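The structure appears right after this line, and notes come after that.
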Amino acid sequence: MRTQVGIVGAGPAGLMLSHLLHQRGVDSVVVDLRGRQEIEETIKAGILEQGTVDLLRQTGLGDRMNRDGFVHHGINLAFSGGIHRINLYELTGGRSVMVYAQHEVLIDLIAKRLADGGDLRFGVSDTQVEGLETEQSTIRFTHEGEQQTLECDFVIGADGSRTYSRFLIPEGTIRKDFFRQYPFAWFGILAEAPPSSDELIYAHSERGFVLISTRSPSVQRMYFQCDPATNIDDWPDDRIWEEFDARLSPSGTGVTPGPIFRKDVLQFRSFVCEPMQYGRLFLAGDAAHTVPPTGAKGMNLAIADVHVLDRALGAYYSSKDTGLLDAYTQTALRRIWRGQWFSFWMTSMLHRFSDATDFDLRRQLAELELVTSSPTAAKNLAENYVGLPLT
Ligand SMILES: Cc1cc2nc3c(=O)[nH]c(=O)nc-3n(C[C@H](O)[C@H](O)[C@H](O)COP(=O)(O)OP(=O)(O)OC[C@H]3O[C@@H](n4cnc5c(N)ncnc54)[C@H](O)[C@@H]3O)c2cc1C
């Protein structure tokens, strides 16, 4: 088999890149370890920045999102016994975020790629990439019991945080990893219940952080800060709802309970690898960087990476110009480090650290007071939350 761009990973980064390349007439093949159904049913992110929404709409992927997604013009910060709204729309001159689940975006992307004749190989195994320093790279994999060799001009490593492709960049001599682990995790639930709030609530409390989020009018996604070693079995539904109440009631709010059909513990870390290119390999999305979910940046950064890559590959195929490809790492990293800073900042402002002193707590509250009372500070939060325009 031969294609122009071989893509490892059918997550938001890999599928979106394949879609964008198709629109400019560049061929690609996408391979993924997981089956289509598993990809379409894995619930992860749910908040799309304005730039992501615009790109989906501009490239023919807006229909279901426009119908089923929810535009949120604001978010709420709960602390010190009150709730304070950040008006994203006003503070950013008319920008907002869309609540539309990542797996719904993937359903739309897969359907569109297949309708456009795209070549997506689900359920592959033994992915092996070779020839990155030559002009003819190969991706070998097993699909439906047969060994396949895909020859391509470029390989895109879009294989998520459990990446294989990142490790193709030699560590130390070329690749440097930047890493931070946090001393807490999130206990996440999915519940069949009506929304507890019209807009997301990020709550600071003495018992730890809470996020009240939503996926649809009947499915709610909520999290509370927990120890990374927390055992899900120790948390029957009643105890979970009591914990939400204990953390939210001091701010005069609460949750509407319902049957919980999923519980998980999400580990927190910040990670960036540099460079994001090695020979004919380009990394995109979680394969190159991960953020704690507090800033809702992960999927959006993945889309932003491939937006840059699409243009760079477009320039290469239209005029053999490698300038944008050569600049890929530098261009993408500017936004990635900004996203890292924002995610770290939101995390540090809202969570309880186990070694925090009373001084640290007072400082956090002063910061929350600042971002909810100073228009300048609120604008800073709002602009970063809705995301930088894709340029
Ligand atoms: C609970 C949770 C909540 C989140 N909330 C948000 C949010 O609100 N907003 C936001 O922007 N982000 C959020 N994120 C982060 C977001 O989901 C990720 O950043 C996003 O999935 C990254 O997309 P990706 O395409 O880079 O990687 P992935 O989505 O991880 O896709 C990678 C794909 O590569 C495949 N793969 C892996 N190894 C191989 C291999 N060797 N060969 C072939 N295929 C392979 C995998 O099967 C997978 O399908 C959240 C994440 C979690 C877990």
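The values are calculated or read from the model by the stated rules, or taken from the named source; none is laboratory data. The structure displayed is predicted, hence computed values, not measured ones. With ideal geometry, Cβ positions are generated from the backbone for all residues, glycine too; neighbour counts draw on all protein chains shown. These area figures cover heavy atoms from the full protein model, side chains too; ligands, DNA and RNA do not enter into them. Shrake-Rupley method; radii C 1.70, N 1.55, O 1.52, S 1.80 Å.
If you take the square roots of the eigenvalues of the alpha-carbon gyration tensor of the stretch 71-116 and sort them as a ≥ b ≥ c, do you get rounded (a/c under 1.5), prolate (a/b over b/c) or oblate?
Working: a/c = 7.45, a/b = 2.42, b/c = 3.08.
Judged from the Cα gyration tensor, the stretch 71-116 comes out oblate (a/c at least 1.5, b/c at or above a/b).
Which order, highest average first, do 356-363, 56-63 follow once you tally other Cβ atoms within 10 Å for each residue and take the mean per peptide?
Values: 356-363: 10.8, 56-63: 15.8.
Per-residue mean Cβ counts within 10 Å order the peptides as 56-63, 356-363.
Report, in debye and to the nearest 20, how large the dipole of the chain comes out about its Cα centre when Lys and Arg carry +1 and Asp and Glu carry -1 on their Cβ.
Values: 38 positive and 50 negative charges, 156 e Å.
Roughly 760 debye, rounded to the nearest 20.
Taking 7 Å along the Cα-to-C-beta vector as the label spot, tell me the residue 80-residue 192 distance in nanometres, rounded to one decimal.
Modelled inter-label distance: 4.2 nm.
Rank 6, 271, 372 by how far each Cα sits towards the positive end of the charge dipole of the chain (+1 on Lys, Arg Cβ; -1 on Asp, Glu Cβ) and give me just the farthest.
372
Where the centre of each part is set by its Cα atoms, how far does the stretch 206-248 sit from the stretch 281-318, in angstrom?
For the stretch 206-248 versus the stretch 281-318, the Cα centre distance is 31 Å.
If you find the alpha carbon centre of the stretch 322-362 and of the stretch 42-59, how far apart are they in angstrom?
Distance between centres, Cα-based: 20 Å.
Express in Å², to the nearest 10, the accessible area of residue 5 obtained by rolling a 1.4 Å probe over the protein heavy atoms while all chains stay in place.
Using a 1.4 Å probe on the heavy atoms, I get roughly 0 Å².
Whole angstrom only: what separates the Cα centroid of the stretch 130-179 from the Cα centroid of the stretch 181-199?
Here the two parts' Cα centres lie 35 Å apart.
Which of rounded, prolate or oblate describes the stretch 1-92 when judged by the alpha-carbon gyration tensor and an a/c cut-off of 1.5? Each step should come with its number before you reach the end.
On the way: a/c = 3.03, a/b = 2.05, b/c = 1.48.
Judged from the Cα gyration tensor, the stretch 1-92 comes out prolate (a/c at least 1.5, a/b above b/c).
Nearest 10 degrees, 0 to 90: what angle lies between the long axis of helix 102-115 and the longest principal axis of the chain (Cα atoms)?
20 degrees
For a quick protection proxy, order the peptides 210-217, 243-250 by their average other-Cβ count within 10 Å, most packed first.
On the way: 210-217: 20.2, 243-250: 17.8.
So the order, starting with the most tightly packed, is 210-217, 243-250.
Could you give the length gained by full extension between residue 237 and residue 87, i.e. 0.36 nm per residue of separation minus their alpha carbon distance, to one decimal place?
Numbers: separation 150, 0.36 × 150 = 54.00 nm, distance 3.31 nm.
Net length gain for the segment: 50.7 nm.
Taking the 0 to 90 degree range and rounding to the nearest ten, how far is the long axis of helix 328-350 tilted relative to the main principal axis of the chain, both from C-alpha atoms?
Value to nearest ten degrees: 20.
For the chain, take the longest principal axis of its alpha carbons; what is the angle in degrees between that and the long axis of helix 298-319, to the nearest 10 within 0 to 90?
Between the helix axis and the principal axis of the chain, the angle is about 30 degrees.
Mind ordering 275-287, 332-344, 369-381 by average Cβ neighbours within 10 Å, highest first? The partial results should precede the final answer.
Working: 275-287: 24.8, 332-344: 19.4, 369-381: 15.6.
In decreasing order of mean packing, 275-287, 332-344, 369-381 become 275-287, 332-344, 369-381.
Using Cα-Cα distances under 8 Å and only pairs 6 or more residues apart, what relative contact order does the chain have, in percent? Intermediate results must be reported in sequence, preceding the final value.
Numbers: 788 pairs, mean separation 82.1, N = 391.
Across the chain, relative contact order equals 21 percent.
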